[in-house]
Amino acid sequence: MLTALAASKPGGRLLELGTGAGRGTACLLRGMDADARLVTVELDAQLSAIAQTELRDDRVEWVVADGCDWLAATTEAFDLVFADTWPGKFTHLDQALALVTPGGFYVIDDLLPHPNWPDEHQAAVDDLLATLRARPGWVTAYVDDASGVLLGVRR
């Protein structure tokens, strides 16, 4: 899905919050054209280093920083925001959504219950989904498959 969404934004600016070891980054890069650019933000320097080693690509700006701090400081606009970590999803949601251009995508995953979730996490997911579905100026679609994905499009 990330590959297809990235392909829909020729020359686009994409943002990934939570690089991890680069799985989502690789999907985004596969869909991006030569003119598209990706900023990917990861708190853990070791994880970022793994992704950078495996995915050498001039279209990527690798940022090692706390996503909360980064979101609070940026005013850049993006055609796609993939929030794969707490900042931009469970915290700093307003800041992440404000970065999405009209017609742009906001994507989150890991929304289906998982055995290692703390007891209170399901309530946080339910609240997040309700907030996004009711948000004015957005159209959302929920995919109850894989890890659970919500796709939002800014009007």
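A single member of Ala45, Ala51, Ala26 is over 30 Å from Ala123 (Cβ atoms) and open to solvent by 30 Å² or more (accessible area, probe 1.4 Å), and it is Ala45.
Any residue in the stretch 119-142 that's of a type in the set (Phe, Trp, Tyr): show its pairings with residues that are open to solvent by less than 70 Å² (accessible area, probe 1.4 Å) at Cβ separation under 6 Å, as long as the two are six or more apart or on different chains. Taking only residues 6 or more apart or on different chains, the pairs are Trp138/Gly152; Tyr142/Leu150.
Looking at Val60, Val64, Val39, Val100, just one residue is in contact with a Phe, Trp or Tyr (Cβ under 7 Å, 6 or more places away or on another chain) and β-branched (Val, Ile, Thr), and that residue is Val100.
Here are some residues: Val125, Val153. Which one is in a strand (DSSP E or B) and either open to solvent by 70 Å² or more (accessible area, probe 1.4 Å) or not basic (Lys, Arg) (or both)?
Numbers: Val125 fails: in a strand (DSSP E or B).
Just one listed residue meets the conditions, Val153.
Residues that are out of contact with any strand residue (DSSP E or B) (no Cβ under 7 Å at 6 or more places or on another chain) and modelled with pLDDT under 95 are absent from the stretch 94-107. On the stretch given as the stretch 83-104, residues that are hydrophobic (A, V, I, L, M, F, W, C), buried (at least 18 other Cβ atoms within 10 Å of the Cβ) and within 16 Å of Leu14 (Cα to Cα) total 5.
The values are calculated or read from the model by the stated rules, or taken from the named source; none is laboratory data. Remember, it's a predicted structure, so these values are computed and weren't measured experimentally. Reconstructed Cβ throughout: ideal geometry from the backbone, glycine too, with neighbour counts over all protein chains shown. For the accessible areas, the whole protein counts, side chains as well, though only heavy atoms, and no ligand, DNA or RNA atoms are used. Shrake-Rupley method; radii C 1.70, N 1.55, O 1.52, S 1.80 Å.
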